[in-house]
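Undergrad: Let me give you the structure first, and then I'll get to my questions.
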Amino acid sequence: MANSNSALLDDLSRRGYSRRAFGRISALLGAGAALPFYNEAALAQMSFSGNVPADAVMINANENPLGPCTEALEAMSGILRRGGRYLFGESIQMGELLAEQEGLKAEYVQPYAGSSDPLHRSVLAFASPSRSYVTADPGYEAGERAARSVGAKVVSVPLTATHAHDVREMVKRAPDAGLFFICNPNNPTGTLTPRQDIEWLVANKPAGSVVLIDEAYIHFTDVARCTDMVAAGKDVIVLRTFSKIYGMAGLRAGAAIARPDLLEKLRFFGTFFLPTTAMVGARTSLAVKTLVPERRKYIQDVREETLSYLTGRGYQAVPSVSNKFMLDVKRPGREVIRALAAEKVIVGRVWPSWPNHVRVTVGTKDEMARFKAAFAKVTA
Ligand code: PLP
């Protein structure tokens, strides 16, 4: 372990980090300190100032209003009595089941407390002052904030006309890339990047770079996942989270799926005990075969019904396959966000490159009925 740490430190120093800077980051992470890293919850919270009334509709952070499934709730309450123990076996079992379902050996899956943690570790491991972080615009901001905080250049490439990642432009604009971030389906647009484009990127990226494929929202679609690229030994890390379709955002479970040598580079930043409740909830949820198709259909139905209502009122959204959509509100999005908040409906943020769009998360039928009523009022 000491040897592999020193090899990693050598590698980091070649990429422009001073050992001192790196030591500091790694010590802070080890101590659980608040680095300038933000996940969706933090970004959603920061974009909204003011007190949120308890009865407000919260459709601003891409959460799942359905929460954990019944089976997970029962399993988690059952394990509470054993909460005095470090039950390491629970995260191992969760990882093993996930690996089995993805058709991978167990050593290709590393559980984490959510996917933000491995996302940030990937930035630290593969982007650096001499290796760019390459992402889409509009895209999920967490990684680019982390990249900036460690002095890496951020190359942000507009989505294509069909709202896919423009992989050819991403490669062209970043010959020094260290990490490509592909969010599929994308946050905030809820749009897909075709499989052949991701394959092209993996085949044509600069030597030594890694493709981070964030599949936080993949379960809302029936497209093929990219874990087979991991099995094929590619330079790819796939992220999974239990925060979205599984409804466990506050409980914290996720995983990084990659070749063992890539996972080892993420483990370098420390190994921490993972919450037993979340690991038990995640494993139980994975075993519930009806969960994904049922929830996918529910969200899809509510989303399409909301979008057709909005279209009927003359408002267009980017066609989404996910649990959120980008709505063109035809005026500065921030104004509409404020007006909706006054009606106790909290929607998501605005991306600087799309100032007239707001991101709306798909809630329950009742929540979206309140959203529609509030939207009709503020746009009357
Ligand atoms: N990746 C994307 C694209 C997200 O939108 C989110 C949360 O919204 C995450 C990762 C991280 O989620 P968590 O850390 O809760 O797993």
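Undergrad: Of the numbered conditions (1) open to solvent by 20 Å² or more (accessible area, probe 1.4 Å); (2) in a helix (DSSP H, G or I); (3) not assigned by TED's automatic domain parsing to the domain that holds Leu251, Val336 satisfies every one except a single condition; which is it?
TA: Here Val336 clears every test but (1).
Undergrad: Applying the selection to the stretch 276-320, what residues are open to solvent by less than 50 Å² (accessible area, probe 1.4 Å) and in a loop (DSSP other than H, G, I, E, B)?
TA: Selection gives Val288, Gly314, Tyr315, Val318, Ser320.
Undergrad: Another question, then. Filter the stretch 98-153 for residues that are closer than 27 Å to Gly281 by Cβ and basic (Lys, Arg); which is farthest from the ligand (Cβ to nearest atom)?
TA: Ranking the qualifying residues of the stretch 98-153, first place goes to Lys105.
Undergrad: Which pairs turn up if I take residues in the stretch 52-76 that are over 15 Å from Thr241 (Cβ atoms) and among the polar types (S, T, N, Q) and look for partners that are in a loop (DSSP other than H, G, I, E, B) and open to solvent by 20 Å² or more (accessible area, probe 1.4 Å) with beta carbon separation below 9 Å, at least 6 apart in sequence or on another chain?
TA: Sorted first by the residue in the stretch 52-76, then by its partner, the pairs are Asn60/Ser47; Asn60/Phe48; Thr70/Val288.
Undergrad: Pull out all pairs, ordered by first then second residue, where Cβ-Cβ is under 8 Å, the residues are six or more apart or on different chains, the first lies in the stretch 361-378 and is more than 17 Å from Ser320 (Cβ to Cβ), and the second is open to solvent by less than 30 Å² (accessible area, probe 1.4 Å) and acidic (Asp, Glu).
TA: Matching pairs, first to second residue: none at all.
Undergrad: Is the stretch 219-242 home to any residue that is open to solvent by 20 Å² or more (accessible area, probe 1.4 Å), within 16 Å of the ligand (Cβ to nearest atom) and of a type outside the set (Asp, Glu)?
TA: Taking the stretch 219-242 first, the residues open to solvent by 20 Å² or more (accessible area, probe 1.4 Å) are 222-225, 228, 231-235.
Of the ones still in play, those that are also within 16 Å of the ligand (Cβ to nearest atom) are 223, 225.
Going one step further and asking which of them are of a type outside the set (Asp, Glu), we end up with 223, 225.
The answer is yes, given that some residue of the stretch 219-242 is open to solvent by 20 Å² or more (accessible area, probe 1.4 Å), within 16 Å of the ligand (Cβ to nearest atom) and of a type outside the set (Asp, Glu).
Undergrad: Next question, about the same structure. Residues in the stretch 243-260: is at least one more than 14 Å from Arg359 (Cα to Cα), outside the structural domain of Met368 (by TED's automatic domain parsing), more than 16 Å from the ligand (Cβ to nearest atom) and not in a loop (DSSP other than H, G, I, E, B)? Even if it seems obvious, please write down each step before you answer.
TA: Within the stretch 243-260, the first condition is being more than 14 Å from Arg359 (Cα to Cα), and the residues that meet it are 243-260.
Going one step further and asking which of them are outside the structural domain of Met368 (by TED's automatic domain parsing), we end up with 243-260.
Next, from what is left, pick out any that are more than 16 Å from the ligand (Cβ to nearest atom): 259-260.
Within this subset, residues satisfying the condition of being not in a loop (DSSP other than H, G, I, E, B) are 260.
Taking every residue of the stretch 243-260 in turn, at least one turns out to be more than 14 Å from Arg359 (Cα to Cα), outside the structural domain of Met368 (by TED's automatic domain parsing), more than 16 Å from the ligand (Cβ to nearest atom) and not in a loop (DSSP other than H, G, I, E, B).
Undergrad: Look at the stretch 224-242 and say how many of its residues are within 16 Å of the chain's Cα centre (by Cα) and either without any contact (Cβ under 8 Å) to a residue 40 or more places away in the chain or part of a loop (DSSP other than H, G, I, E, B) (or both).
TA: Looking only at that region, the number is 5.
Undergrad: Using the structure shown, decide if Phe273 is over 23 Å from Asn186 (Cβ atoms), aromatic (Phe, Trp, Tyr) and open to solvent by less than 20 Å² (accessible area, probe 1.4 Å).
TA: On the way: over 23 Å from Asn186 (Cβ atoms): yes; aromatic (Phe, Trp, Tyr): yes; open to solvent by less than 20 Å² (accessible area, probe 1.4 Å): no.
Taking the combined requirement at face value, the residue does not satisfy it.
Undergrad: So is Val211 in contact with a helix residue (DSSP H, G or I) (Cβ under 9 Å, 6 or more places away or on another chain), of a type in the set (A, V, I, L, M, F, W, C) and over 17 Å from Gly139 (Cβ atoms) or not?
TA: Working: in contact with a helix residue (DSSP H, G or I) (Cβ under 9 Å, 6 or more places away or on another chain): yes; of a type in the set (A, V, I, L, M, F, W, C): yes; over 17 Å from Gly139 (Cβ atoms): no.
In short, no.
Undergrad: Pairs please, first residue from the stretch 188-203 and more than 10 Å from Met229 (Cβ to Cβ), second anywhere and of a type outside the set (A, V, I, L, M) and open to solvent by 20 Å² or more (accessible area, probe 1.4 Å), Cβ atoms under 6 Å, 6+ apart in sequence or on different chains.
TA: Once the first residue is more than 10 Å from Met229 (Cβ to Cβ) and sits in the stretch 188-203, its partners that are of a type outside the set (A, V, I, L, M) and open to solvent by 20 Å² or more (accessible area, probe 1.4 Å) give Thr189/His163; Thr191/His163.
The values are calculated or read from the model by the stated rules, or taken from the named source; none is laboratory data. All values reported here derive from a predicted model rather than from experimental measurement. Ideal geometry is used to build each Cβ from the backbone, glycine not excepted, and the neighbour counts take in all protein chains shown. We work out accessible area using only protein heavy atoms, side chains counted, and drop any ligands, DNA or RNA first. Shrake-Rupley method; radii C 1.70, N 1.55, O 1.52, S 1.80 Å.
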